[in-house]
Amino acid sequence: MSRRTRSQAAQAAFPTTVHIPRQRGRRRQVPPLIVVVSEQPTLTSRATAATGRFVWRHRRTWAPTGIAVTLLVVAAVLHLFAPWAGLIAAAASLVPLGHLVWLARTRPASRTVWAWRISLAVLALAGLGWLSLALWFGPASAALMGLWALTTLTVQILWLTAGRTTSKGHS
């Protein structure tokens, strides 16, 4: 089948190659020149690349959301293989409260520092409590998904707020 009878739509899926034949009248053997022109990226690949660049550029800003999504996936996998791990996570959920009590005894602080410490301890307690329940009952439960979304949103807002207040304070 010659090239003239092929449709251009069939050739569009592959890179286009052009072969320039050997020139007549030259004594030296010049290797043939092959030009390869790549295909334009699809809309899906361009959107994926743009999303990847955005996520990489703002990776510190969206760190809590990334951690929460990773925790959701880990909880789903652990629920399938070891739901008894929820008992260990339930015992670990007491650690933030113990840390708060230890800070109260060893490091006195102002009211704003205590407000941040208490809010972070409550969020850590909610996160570990969610993890223990998700490991036991499964993270796809409607109540647990709502709690996951609420906790993730709250931590993300606190993360953005804390980032803005600390960057303005050091300027």
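The values are calculated or read from the model by the stated rules, or taken from the named source; none is laboratory data. All figures in this text were calculated on a predicted structure; none of them were measured in a lab. Cβ: placed from backbone, ideal geometry, glycine included. Neighbour counts: every protein chain shown. The accessibility values were calculated without ligands, DNA or RNA, using every heavy atom of the protein model including side chains. Shrake-Rupley method; radii C 1.70, N 1.55, O 1.52, S 1.80 Å.
Okay, here's what the table says:
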item: Residue check for Thr112: farther than 30 Å from Trp84 by Cβ, in a helix (DSSP H, G or I) and hydroxyl-bearing (Ser, Thr, Tyr); result: yes
item: Checking Ala126 against (1) hydrophobic (A, V, I, L, M, F, W, C); (2) open to solvent by 40 Å² or more (accessible area, probe 1.4 Å); (3) touching a Leu at 6+ places or on another chain (Cβ under 9 Å), the condition it does not meet; result: (2)
item: Check on Val73, in contact with a strand residue (DSSP E or B) (Cβ under 7 Å, 6 or more places away or on another chain) and either among the aromatic types (Phe, Trp, Tyr) or at negative phi (or both); result: no
item: Selected residue (criterion: least open to solvent (accessible area, probe 1.4 Å)) from residues of the stretch 60-119 that are without any contact (Cβ under 8 Å) to a residue 60 or more places away in the chain and hydroxyl-bearing (Ser, Thr, Tyr); result: Ser93
item: Condition check for Gly86: in contact with a His (Cβ under 9 Å, 6 or more places away or on another chain) and within 21 Å of Ala149 (Cβ to Cβ); result: yes
